[in-house]
Amino acid sequence: MSTSSKHKFGDDIRSTARERVLHFLYEAESRNINVAEVIQAQVLKVDDTVSQMAIAVEALRSTTDEMITEFSHTWTIGRMPAIDRNVLRLAIYELIERPEVPIAVIINEAVELAKRFSTDESGKYVNGILSAIAKKVRV
């Protein structure tokens with residue numbers, strides 16, 4: 001597989017890191033364990049940036065979940081697909097804690113992750129919620 005065919009979006013280190021973080025968050029939630037345990041169980045060493053970001057997203061979970069609940073008018077957080085929840089948590093973390101990353105980049109990457117790993121409607125749903133949250137957290 002050529003490098004250019006691996007991803008349909010942002011085929012760079014940050015995109016790959018986001019994807020790995022998403023997988024770790026999803027696994028932790030699915031297994032009802034913390035993300036540090038998932039990372040420690042990996043056979044290969046996990047990149048420090050990925051580890052730090054995954055742990056930081058989990059630490060901010062109550063805040064991100066409150067925002068998701070506030071802006072999700074059609075689904076309760078418990079009813080939305082687990083991938084969508086975790087894509088949103090990751091993107092909201094970035095909106096709050098990584099002001100150097102442009103809003104458009106965060107939203108576009110989140111939408112692409114949702115489209116790639118979740119339902120057909122997830123991209124639009126994630127885009128709508130994140131657009132509203134971005135207006136609140138990036139004033």
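Read-outs: derived from the displayed coordinates by stated rules, not from any lab. Everything quoted here is computed from the prediction, not taken from an experiment. Note that each Cβ is placed from the backbone with ideal geometry, even for glycine, and that neighbours are counted across all protein chains shown.
Some notes on this structure:
- Residue within segment 120-131 that is hydroxyl-bearing (Ser, Thr, Tyr), crowded, with 16+ Cβ neighbours inside 10 Å and free of Cβ contacts under 8 Å to residues at least 60 places away in the same chain present: yes
- Within segment 81-118, restricting attention to residues that are among the small types (Gly, Ala, Ser) and crowded, with 20+ Cβ neighbours inside 10 Å, the residue that is nearest to SER51 (Cα to Cα) is ALA91.
- SER51 vs. criteria crowded, with 16+ Cβ neighbours inside 10 Å, of a type in the set (Gly, Ala, Ser) and under 17 Å from GLU121 (Cβ atoms): no
- ASN108 in contact (Cβ under 8 Å) with a residue 24 or more places away in the chain and of a type in the set (S, T, N, Q): yes
- Complete set of residues in segment 13-36 that are out of contact with any helix residue (DSSP H, G or I) (no Cβ under 7 Å at 6 or more places or on another chain), assigned to a helix (DSSP H, G or I) and either closer than 15 Å to TYR93 by Cβ or not basic (Lys, Arg) (or both): ILE13, ARG14, THR16, HIS23
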